[in-house]
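I have placed the structure first, in the form of structure tokens, so that the comments after it can refer back to it.
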Amino acid sequence: MPADPRNAGKDKGNLEMELKNLLISAKLRKMEYEAIIEDLQEDELKYDLFEYKEYFETQIMPYVERAYKNGNKELIGMAEQVKGIFEEIIDMITDRIENLSKK
């Protein structure tokens, strides 16, 4: 059953729902990136690295901070999972750039 577009944006302001959605999105991003990383050139990877680092700092870390301020262990756990996934993506890109540089 497709999502109801009339409900779009109703999770805004609900930290738990926002984190759940962010976690799903992060997992999908990682899977998608793993599937294409071998096909990317070094300049593309460097650009992606810049973009992911910026997104991490400006979009992900504020959620982590909000979760810690909230104090709910479940929310902190979800926020840390999202943070960890983005750190894995950044590390994956960095490692690939280093491997390409050695060639």
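The values are calculated or read from the model by the stated rules, or taken from the named source; none is laboratory data. Worth saying up front: this structure is predicted, and the values here are computed from it rather than measured. Counting neighbours? That spans all protein chains shown, and the Cβs are built from the backbone with ideal geometry, glycine included. What goes into the accessible areas is simple: the full protein's heavy atoms, side chains included, and nothing from ligands, DNA or RNA. Shrake-Rupley method; radii C 1.70, N 1.55, O 1.52, S 1.80 Å.
Points worth noting:
- Of the residues making up the stretch 71-82, those that are open to solvent by less than 50 Å² (accessible area, probe 1.4 Å) and either within 11 Å of residue 22 (Cα to Cα) or not β-branched (Val, Ile, Thr) (or both) are 71, 75, 77, 78, 79, 82.
- Within the stretch 86-96, one or more residues are modelled with pLDDT of 95 or more, open to solvent by 50 Å² or more (accessible area, probe 1.4 Å) and over 11 Å from the mean Cα position of the chain (by Cα).
- Unique match (being at pLDDT 95 or above, surrounded by 14 or more Cβ atoms within 10 Å (Cβ to Cβ) and at negative phi) among 68, 55: 55
- Boolean, residue 26 is at pLDDT 95 or above, assigned to a helix (DSSP H, G or I) and open to solvent by 50 Å² or more (accessible area, probe 1.4 Å): no
- Residue 31 vs. criteria assigned to a helix (DSSP H, G or I), open to solvent by 90 Å² or more (accessible area, probe 1.4 Å) and not small (Gly, Ala, Ser): yes
- Annotation note: Cβ proximity below 7 Å between a residue of the stretch 67-81 that is more than 21 Å from residue 26 (Cα to Cα) and a residue that is surrounded by 13 or more Cβ atoms within 10 Å (Cβ to Cβ) (sequence gap 6+ or interchain) occurs for 70/15.
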